Each structure stands twice: as C-alpha cells, then as structure tokens.
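This report refers to the structure that appears directly beneath it.
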Amino acid sequence: MQHKEIVKKEKVKNSLKWSFLLVAFNIISKFLIKIVLAKLLVPKDFGLITICFIIIPLAEIISDFGLSSVIIQKKYKKDLKLLSSIFWFNCFVGVLIFIILNFLISPIFSDYYNEPDLTKYILVISLSLIYNPLILVKRTFLHIDLNFKLIFFINFAAVFVSSVVAILLALKGYGIWSLVFQYVISTFIVFMLYYYFIKWRFLYYFDFKKLIDVLKKSTYDMLTKIIGFIESNAQIIIISYFLSVEEIGYFNFAMLFTISILKPFNQAIKKVFFPFFSKIVYNKNRIKINHLNQIKFTLIVFIPLLNFLFFYSEIFLNKFFGDKWLGSILILKYLSLFLLIKCFTGTPNIIIKSLGYFNQFFYLQLIRTVIMILFLSFGLHFYNFIGMLIFMIFAQILINIVDFQFIKFKINLKYNELLSTIIPVLFLLIFIVSVSYFQTKIFQPNLFQGIFISVAAYVLIYYYFFKKNTILKNDIS
C-alpha cells in the first residue's frame, strides 16, 4: 500500500514537472512569436483578431458543454457506451455552433465594426469547432492519466510549426491572416497528433438516457465556464463595444505581457491539480497545502516580471517597437497591478470543481462576473477608459475576498495560514519595487538596469525559495 502511494506521488510530481515545462514553453514561445508579429503588424490587426477571439473561445466552451470536466471528475474512462454518446453529442453541437456562428453571428459583428473581412476571419478560425470535438474524449484521457509528457510534445509541435508559418506569412505581407492561420494550423496539428497517439475508438452507439444524466452535471460546468469567460474577458468585451478597433489592438498588445501569460500558467496548474485533487477529495489538508504553495509559487514567478512592466514599460516599448505601440504604455501599467492582485487568489476554481461543487462554482462565477462588469461599467461611464482600468483593480480585490470566503470552509483554510504563506513574498515584492522606484526616480530610467534588477530578483528567488526553503517541498505531499 505504501509502495503504491509513493508511486502515485512520483507520478503526480513528474506530471507537475512536465506541466510546468509545457506552460513555460507555451508562454515563452507564444510571447516571442507575438512580439515578432507585433513588429510586423499594426494595432488594427491585433484589434481585429481580438474581436475574433471574443467569439471563438466562447463557442468552444459551449461546444465542450462541460463534459470534459465531468469525465475527469467522475472518472468515466471505462464506460465506452457513455463516452461514445458524449462523442456523438459533442460532434453534433460543434457543427451546430459552427453554422450558427457563421450564418447568424459573424455578419452582425462585421456590420457593427464595418469590417467586411471579419466574416472570413471568423469562418476560418471557427473550423476548429468541427474537428476539436473529435478529440475531446482522447484529450481527457491524457489528463486523467496525468500524461503531461505527451501533452508537452504535442503542444511543442503545434506551436513550433504554426509560429514558423505565421512569421513567414507576416513577412510576406499577409497581415492579420498570419494570426488567423497561426491559430488554425496549431489547433489542427494538435487534433492530428491526439488522434494518432490516443488509441480510443468510439462506438456507433448513442444512449440518450445516459447522456442526460451526465448533462445534468456538465451543464453547470458549461454555464460556469461561460460566466467565467465573460468575467475574465470583461475588459475586452466592454471596450470592444465602446472603443475603436485600433484601441482594442492597444489593449490586446498590453494583455500580451500580462493576462495572456497568467492564463496559460493557471491552465497548466489546473491540468495537474484538477485530476489530482479529484483523487484526494477526502484529504482537505493536502489540498490546502498544495493550494497555498501554488499561490506562493505564482507570486514569486510573476512579481519580478510585473515590476519590470510597471516601471520600465515605456522605455521597453520605445526601444523595441518605436512609437507604434506607445498607446499601450498606460494600459500595461494598470494591467500589471491588476495581475499582481489576481495572483494572490490562486486558483480556487480547481478546488471547488474537484470537490464536485459544480452548482456552487456556477454561483461563484456569477458573483465574480457581476462584480467585474459593474465596476468596469461604472469606471468607464464616469471616468472614461482610465477609470475603467482603475475600477478593474478594485473589482479584483473584492473578487479575491469573495474567493477566499467561498473556499475557506471547504478546505479549513484560515486567515493566518494564508498570511504566513504570502508574508515572505510581500517582503520580496517591497524590496524589488523599492529598488526599481529609486532607480527610475532618482536616476535616469535604464532598460538594462531594469532587466538586471529582474534577473537578480529571480536569482534571489531561486536561492531563498527553492534552494534554501524548497517551496515545492510540500507540494503533492
């Protein structure tokens, strides 16, 4: 029994390693490719692709219908008839959404922004709605088995090939099409590799009664994801209604250095901890320890980066991009503060879903969404765009409080436990911010000195948190 437990721990630790390798690769590669494309493209291109990705991810959430989470949480891996029913249902929903999106929704967006080509971009990108459902079950199998090594190599191949193609297209003057085909090629390669490596085969079988029982559970998850998507993208959704395509592009560019980095980071954590927590639902203490360590780990990873963006964004953008993206400087500063506050909450979603509280999670996401939209709308209405950015930060502080109140009883989490976790990180934050402040205010702001401060901070983090204290020592314990 003890040997099996040791094997399980090693498997999860190995999965954690590959998951973080995956997220590091995704963040670095996507960051670098978009940096290259930002030098070749204009703000309007980024604005148009942002509009496309308001629509497509939401359509993908509906297409999934929350079924992947339920398969993982309820461990339906061996029920071939049920999985086949899920497979056929997802295929039907994917095709249906593809038709509705391209014949009803995309023309509305095209007319609103007066961009006739927008329908073409959405049509090509939405092709993933047809082939992604074919690998939904295969994808969940890898997550259930914690096989993140294979997931890493699949994503590596997809990102590498699609990035090379995107750069070549941008160099040849294809503009926004380089971003469109980057997404399509990446998702299609993932589809092909999942289909080749995972040997599961569906049956020509459909049991509506069995499916209904599962849909009762998954519908909450789908609605929760929809509301969560609206909450996490509320800024883009609101400014897309009020601002021009170019201004949307500036916001998207600022997100590239902030929110677009945190999202895949949290997704990688979710991929490991959701199936892991689902297996240890009766051991709340282990869940709590891992949750607190994840908050600490997230903060120490992001603090030097966000400090650099806040103090050195203007000189950084001037140095590498000239004056084309200067409209993103102030946005970048506010988003850095917003992201820092967001890091303090961790990923409570994983805990709530892994414990099976899908209906409660729905209400939590609803509360978050209402808070964010109300604050953003109030700030934009009374204080214009800058007001929206300021109230976005206040909204996230309130959401952090709500999140803590929501999970503290579920895993017996106390205020003093959270404080003891983040206090050492707060000292690190104060130190780095103080050094950067005096460097930029007393002396002439210098990009290379800013880079040096950030690198030195990461060296300090490695020595104190990893080598000396071993932050991950208690993880997956």
Identify all residues within segment 351-370 that are open to solvent by 10 Å² or more (accessible area, probe 1.4 Å), of a type in the set (A, V, I, L, M) and touching a residue at least 60 places away in the same chain (Cβ under 8 Å); write none if there are none. 355, 366
Quick check on this structure: which one of 263, 210, 279 is basic (Lys, Arg) and within 28 Å of residue 312 (Cβ to Cβ)? 263
The correct count of residues that are open to solvent by 50 Å² or more (accessible area, probe 1.4 Å), closer than 17 Å to residue 308 by Cα and free of Cβ contacts under 8 Å to residues at least 40 places away in the same chain in segment 456-468 is 2
Positions within segment 194-226 being over 21 Å from residue 132 (Cα atoms), touching a residue at least 40 places away in the same chain (Cβ under 8 Å) and hydrophobic (A, V, I, L, M, F, W, C), in sequence order: 208
Can you pull out every residue in segment 229-264 that is under 15 Å from the mean Cα position of the chain (by Cα) and of a type in the set (Gly, Ala, Ser)? 232, 234, 260
Out of curiosity, is residue 140 in contact with a helix residue (DSSP H, G or I) (Cβ under 7 Å, 6 or more places away or on another chain) and either surrounded by fewer than 14 Cβ atoms within 10 Å (Cβ to Cβ) or without any contact (Cβ under 8 Å) to a residue 24 or more places away in the chain (or both)? no
State all residues of segment 91-129 that are touching a residue at least 40 places away in the same chain (Cβ under 8 Å), among the hydrophobic types (A, V, I, L, M, F, W, C) and not in a loop (DSSP other than H, G, I, E, B); if no residue qualifies, say none. 91, 93, 101, 105, 109, 118, 122, 124, 125, 129
Give the residue, chosen from 250, 241, that is modelled with pLDDT of 85 or more and open to solvent by 40 Å² or more (accessible area, probe 1.4 Å). 250
Among the listed residues 164, 180, 184, which satisfies the condition of being at pLDDT 85 or above, more than 23 Å from residue 269 (Cβ to Cβ) and crowded, with 20+ Cβ neighbours inside 10 Å? 180
Quick one: which residue in 153, 87, 148 is more than 23 Å from residue 180 (Cβ to Cβ), under 21 Å from the mean Cα position of the chain (by Cα) and surrounded by 21 or more Cβ atoms within 10 Å (Cβ to Cβ)? 148
I want to confirm something. Restricting to segment 407-451 and keeping residues that are outside any helix (DSSP H, G or I) and touching a residue at least 24 places away in the same chain (Cβ under 8 Å), which single residue is surrounded by the most Cβ atoms within 10 Å (Cβ to Cβ)? 411
Looking at this structure, is residue 172 at pLDDT below 80 and more than 20 Å from the chain's Cα centre (by Cα)? no
Given 412, 416, which one is on the phi < 0 side of the Ramachandran plot and not basic (Lys, Arg)? 416
Against the condition part of a helix (DSSP H, G or I), touching a residue at least 40 places away in the same chain (Cβ under 8 Å), out of contact with any Lys or Arg (no Cβ under 6 Å at 6 or more places or on another chain) and open to solvent by 50 Å² or more (accessible area, probe 1.4 Å), how does residue 235 come out, does it pass? no
Step by step: first the residues of segment 314-343, then only those that are open to solvent by less than 50 Å² (accessible area, probe 1.4 Å) and not in a helix (DSSP H, G or I), then the one that is modelled with the lowest pLDDT. Which residue is that? 322
Answer with yes or no whether residue 375 is open to solvent by less than 90 Å² (accessible area, probe 1.4 Å), aromatic (Phe, Trp, Tyr), in contact (Cβ under 8 Å) with a residue 40 or more places away in the chain and assigned to a helix (DSSP H, G or I). no
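The values are calculated or read from the model by the stated rules, or taken from the named source; none is laboratory data. Just so it is clear, the structure is predicted and the values come from calculations on it, not from any experiment. Backbone-built Cβ (ideal geometry, glycine too); neighbour counts: all protein chains shown. Quick note on the areas: whole protein, heavy atoms, side chains included, nothing else; ligands and nucleic acids left out. Shrake-Rupley method; radii C 1.70, N 1.55, O 1.52, S 1.80 Å.
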